[in-house]
Each structure stands twice: as structure tokens, then as C-alpha cells.
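Colleague: Below you'll find the structure I mean.
The values are calculated or read from the model by the stated rules, or taken from the named source; none is laboratory data. What you see is a predicted model, and the numbers here were worked out from it, not measured in a lab. When we count neighbours, we look across all protein chains shown, and the Cβ atoms used for this are built from the backbone with ideal geometry, even at glycine.
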Amino acid sequence: MPYRISRLGTVEIRSLDLDRDLDYYLNVLGLQLTAREGKTAYLKGWDERHAYSVVLTEADRAGWFDSPFERWIPRTSTTTRTACGNSVSSTT
């Protein structure tokens, strides 16, 4: 195996209705709101050390935008950040 994923980075999700989706993420999934700036909300789990791990952004099209991850490369014993999923959208 050339590398292993060590952790998932921040997941960015595009929302058609930010208030509705924010209600779901807070009251059903149990995430915590750490900040809200305009049409973007930043959320995290109750036991996370980072400021946020989920970003909800109101947009014209719903979908998953970005989800970087860190990978560990055994030969160099370092971690690198790699992005996957740029502009992956779903249609309604």
C-alpha cells in the first residue's frame, strides 16, 4: 500500500436552504455550531479539537464540494494534505 489516509479534513457541503439544513445538522446529527458568517455555517462534533469539520454553504446547487484528507506515506514518515471531490454536485 503506497499510503494510508490518516484523517478526513473539513467537509464542505453546498445547501439550497441553509437554515433548514443547519437545523438538521444541529438537532438530528448533534453537531455544534462554532461560527456563522453570512451564507456559511461552521460545525463540529462535540469531541473535536479543531474549530470545525463541516462547512455548510448556501448555494444555487446542492452537493458535496470538497473533502481533503491527510495521508501518511511510510517511506518518508510524513503527512500530506490531498483534496478530493472538488465540485461534486448532486441534482434535486
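Here's the yes/no breakdown for (1) over 13 Å from the mean Cα position of the chain (by Cα); (2) crowded, with 16+ Cβ neighbours inside 10 Å; (3) at pLDDT 95 or above:
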| residue | (1), (2), (3) |
| --- | --- |
| Leu31 | no, yes, no |
| Lys39 | yes, no, yes |
| Trp46 | yes, no, no |
| Arg61 | yes, no, no |
| Ile73 | yes, no, no |
| Thr76 | yes, no, no |
| Thr80 | yes, no, no |
| Thr91 | yes, no, no |
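Colleague: Now a separate question. For the range 1-23, which positions are at pLDDT 95 or above and loosely packed, with under 14 Cβ neighbours inside 10 Å?
Modeller: Once the filter is applied, which keeps residues that are at pLDDT 95 or above and loosely packed, with under 14 Cβ neighbours inside 10 Å, the range 1-23 yields Leu16, Asp17, Asp19, Arg20, Asp23.
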